[in-house]
Amino acid sequence: MFETLKKVDFTPWASDYEVVHEDWLFKLLHFKSKPKHRIPVLIVYAYINRPYVLDLHDRVSVVKKMLKKGLDIWMIDWGYPKRADKFTEIRDYIDYIDFCVDHICQQKKVDKLTLHGYCLGATLAVIYASLYPKKVKNLVIQAPPINFETSNTLALWAKSIDPTKVVEAMGNASGELLNTSFLLVDPIRLAVGKYQSLLDNLDNEGFARNFFYMDQWIFDSPAIPGKVYEEYITRWYQRNEIMKGTYDIDGKKINLKNIKMPILALIAEKDHITPPEATLPFFEKVPSKDKLLLKVDKGHIGLSVSSHSHKTLWERAINWIVERSN
């Protein structure tokens, strides 16, 4: 049993990359490769947890699969907000996405790119695509919370919380607060059951490796800047402003009718964080004529790291991107 554990060495990021730009808190990463396709892909991860879940290890790396297909992959790393960052706002995230898009397009000599958002990063990607539709050739949204009128536990909690009091008490919404919230959604399975599964599979090196990689990632949780936390809880969860058409960035309304570019939606049918109903009303509402919805019978994270997802969904998803990258 312990010999198996000794063989598990946690080293996040399966692929080589370089940091091509850094702006106080945010970073732009570029994965090293020899791309075959003209249109680059910018991955916008959520500002919760860390983006290396998409490049966890060799066996389950979405990034590696994309690179092998000849795609040119860039990614935003939102960093680890400190107390001094509590006044950072969602508009700052949108501004940095815009900077990255312009930088990449200039480097690659193209006028638009594929924008791939994951979880709350997909929400940011949708906002950006609405504001700057001429800069987005294809929109990929993975486990995207856009319609917040859902009945899952996390949404019900968010609708009853006063985010201002959280921020007054903590400054930022701490990673520990977020982790506890996610665990309490299903405490028996997430806080007890998974460790029972580990004990049952300790002689399986592959299982143990996946377990510890995932456990390390789950608890590698940056804080959320106070202003960002207040805004997304109040205006997204409690008022559902994006779907209602009342959400704005610096006075510019987010109009979903602007999303006419090809769109690929990837959802997990057992997602307890972003259930399908958080995506489907949006997917049906946008006027794009080139739309594809892919589902997998997994949870929020299994969409990225399960072997089943990699054998089924990701092959189709990446081929869809490749076909629209020249």
Mind ordering 152-158, 51-57 by average Cβ neighbours within 10 Å, highest first?
51-57, 152-158
Geometric extent, Cα atoms of region 16-169 - Rg, Dmax (angstrom):
16.4, 50
Taking the alpha-carbon centroid of each part, what is the distance from region 51-103 to region 237-278 in angstrom?
19
What are the ³J(HN,Hα) values, in whole Hz, obtained from phi via the Karplus relation 6.51 cos²θ - 1.76 cosθ + 1.60 with θ = phi - 60°, for each residue of region 211-217 in sequence order, with x given for Gly and Pro?
4, 6, 4, 5, 5, 4, 5
Give me the Å³ per residue figure for the convex hull around the C-alpha atoms of region 67-150.
128
Sum up the charges of everything whose Cβ sits under 14 Å from the Cβ of Ile161, counting Lys and Arg as +1 and Asp and Glu as -1, but leave Ile161 out.
0
On average over all directions, what projected area in square nanometres does region 233-326 have, based on the convex hull of its Cα atoms?
7.3
Along region 158-163, what does the Karplus equation 6.51 cos²θ - 1.76 cosθ + 1.60 (θ = phi - 60°) give for ³J(HN,Hα), rounded to whole Hz, x for Gly and Pro?
4, 6, 9, 7, 9, x
Additional length obtainable on full extension of the chain from Arg239 to Leu156, 0.36 nm per residue less Cα span:
28.6 nm
Whole angstrom only: what separates the Cα centroid of region 294-324 from the Cα centroid of region 14-45?
21
Go ahead and estimate [θ] at 222 nm for the chain from helices alone: -39,500 (n - 2.57) per DSSP H run with n ≥ 4, summed, over the residue count, rounded to 500.
-10500 deg cm²/dmol
Take region 2-323, drop everything but the C-alpha atoms, weight them equally and run the Debye formula without solvent; then report log10 I(q)/I(0) at 0.07, 0.12, 0.13 Å⁻¹ to two decimals.
-0.26, -0.82, -0.97
Residue by residue through region 280-292, the couplings from Karplus 6.51 cos²θ - 1.76 cosθ + 1.60 with θ = phi - 60°, in Hz, x for Gly and Pro, are 4, x, 5, 4, 6, 7, 5, x, 3, 8, 10, 10, 9
Go through Lys112/Lys257; Lys69/Lys137; Lys32/Lys86; Lys253/Lys285; Lys65/Lys295 and tell me which ones have a Cα-Cα distance over 24 Å in this structure.
Lys32/Lys86
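For Ser181 and Lys257 in the same chain, what is the full-extension length gain: residue separation times 0.36 nm, less their Cα-Cα distance, in nm?
The Ser181-Lys257 span can extend by a further 24.0 nm.
Read-outs throughout are calculated quantities, based only on the coordinates presented, and are distinct from any laboratory measurement. Quantities reported herein were computed from a predicted structural model and do not represent experimental measurements. Note that each Cβ is placed from the backbone with ideal geometry, even for glycine, and that neighbours are counted across all protein chains shown.
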